[in-house]
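Take a look at the structure set out below.
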Amino acid sequence: MAQGAVLANPRRVQWSLGGAVVGAASVGMAAPRVTVFPSARELGPALSRFVLAEAARAVGERGRFAVAVSGGSLVSLLAAALPEAGAREPEHPGAEWSRWILGFCDERLVPFESPDSTCGLYRKQLLSRISIPNNYVVAINPTLSVEEAADKYAERLRELFPGDNLPVFDLVILGIGPDGHTCSLFPDHPLLQEQIKIIAPISDSPKPPPKRITMTLPLLNAARCALFVVTGDSKAAVLKDILEGHHENPLPAARVRPVKGEVHWLIDEAAASKLTIKVDRPSL
């Protein structure tokens with residue numbers, strides 16, 4: 001079977017990693033699946049195969065693929081491998097970019113030209129190379145107040161997901177900070193308790209810039225699949241805490257557990273260096 005091939009079973013997408021086959025079906029509160037790669041060099045292409053496989057499943061079942069992405073190093077990882085993966089297999093159903101909806105797990109309230117703008121970075125590095133329709137790239141209005149920007153973002157998501165009590169993304173791609181935050185959900189912040197809003201404003205981010213909008217846990221946990229991508233030894237200690245710790249007050253990233261979906265972790269050896277749980281190490 002070719003790497004990244006989509007198998008015949010329409011209810012379960014599978015993607016291959018040099019001989020290892022990983023299922024990406026939504027089965028509900030399953031234990032996290034952790035896959036370790038030697039470095040980001042090997043992780044990047046596997047990330048793209050995973051995304052395309054999820055996209056193919058979503059397009060086959062619902063006619064479109066709704067994905068939300070995070071910033072940081074994820075931007076360059078996706079930009080380096082996803083367009084090439086699509087170009088190698090132009091008939092791949094996951095590479096029908098016109099069927100994609102692209103949202104952002106969080107965003108800084110800055111102009112798109114700012115190096116702090118996640119949407120701005122994706123526009124420069126990725127969206128200039130794949131043809132997702134502009135009206136299906138859900139960007140904030142950075143000229144609004146942070147409260148208005150959050151409300152307008154939530155309103156746009158509800159327009160794109162009519163009839164759903166909560167918008168259900170097929171895939172949310174997340175990172176973590178050294179403190180265990182994900183999106184702009186920080187340890188011990190009141191937003192961790194938010195149960196009503198799907199998009200929340202934050203004006204006191206511990207990490208600059210202070211004004212941001214973020215997906216909340218109810219929206220993240222409505223997703224069909226959550227995928228964390230983590231690289232570097234600076235994340236090793238907190239990754240162990242997230243995956244192996246048992247706390248009454250879990251870190252934000254540990255609270256992402258889709259109610260009807262799966263959690264996958266794609267990480268490199270440096271980030272995995274302190275883990276003792278069972279992980280997959282595919283032969284590449």
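Taking the DSSP bridge list for segment 127-259 and keeping only pairs wholly inside it, about 60 percent are antiparallel.
Using 1/(1 + (r/R0)^6) with R0 = 35 angstrom and r between the beta carbons of residue 152 and residue 246, what's the FRET efficiency to the nearest 0.05? Display every interim value, and only then the final one.
Working: r = 39 Å, r/R0 = 1.12.
With R0 = 35 Å, the Cβ-Cβ based efficiency is 0.35.
Determine the calculated [θ] at 222 nm for the chain from helices alone, applying -39500 (n - 2.57) to every DSSP H run no shorter than 4 residues and normalising by the residue count; nearest 500 deg cm²/dmol. Dividing the helical sum by the residues of the chain leaves -8000 deg cm²/dmol.
Summarising the amide proton neighbourhood of residue 69: residues at separation of 5 or more, or on other chains, whose placed amide H is nearer than 5 Å comprise 103, 104, 105, 173. With an a/c value of 1.5 or above and a/b larger than b/c for the gyration tensor axes a ≥ b ≥ c computed over the alpha-carbon atoms, segment 60-196 is described as prolate.
For a quick protection proxy, order the peptides 77-84, 272-279, 200-207 by their average other-Cβ count within 10 Å, most packed first. Kindly include the intermediate steps, with their values, before the conclusion.
On the way: 77-84: 19.2, 272-279: 14.0, 200-207: 16.6.
Order by mean packing, descending: 77-84, 200-207, 272-279.
Calculated FRET efficiency, residue 188 to residue 62, Cβ-Cβ distance, R0 = 41 Å: about 0.65 to the nearest 0.05.
I want the antiparallel fraction of DSSP beta bridges within the chain, as a percent rounded to 5.
Working: 12 of 35 bridges.
The antiparallel proportion sits near 35 percent.
Annotation: for a label point projected 7 angstrom from Cα along Cα→Cβ of residue 203, residues of segment 149-179 with backbone N closer than 19 Å are 149-154.
Roughly how many whole Å is it from the C-alpha centroid of segment 217-284 to that of segment 48-72? So the separation of the two Cα centres works out to 19 Å.
Label-point separation (nm) for residue 91 and residue 113, each offset 7 Å from Cα along Cα-to-Cβ? So the label points at residue 91 and residue 113 sit 4.5 nm apart. For residue 278, a cut-off of 16 angstrom between C-alpha atoms picks up these lysines, skipping any fewer than 8 places away in its own chain: 240.
Apply the membrane-span-like helix rule to the chain: whole DSSP H runs, Cα extent along the own long axis of at least 15 Å, mean Kyte-Doolittle hydropathy at least -1.0. List the helices found. Display every interim value, and only then the final one.
Details: long enough: 40-62 (32 Å, 0.07); 73-88 (24 Å, 1.05); 146-160 (21 Å, -0.97).
The qualifying helices are 40-62, 73-88, 146-160.
Using the C-alpha gyration tensor of the chain, what are the square roots of 5 times its eigenvalues, in whole angstrom, with the largest one first? Ellipsoid half-lengths, sorted descending, are 26, 23, 18 Å. Stretching residue 237 away from residue 196 to a fully extended chain increases their span by 11.5 nm, per 0.36 nm per residue minus the current alpha-carbon distance.
Bear in mind these aren't lab numbers, they're just calculated from the coordinates by the rules spelled out. Not measured: the values here are computed from a predicted model. Note: ideal-geometry Cβ built from the backbone for every residue, glycine included; neighbour counts use all protein chains shown.
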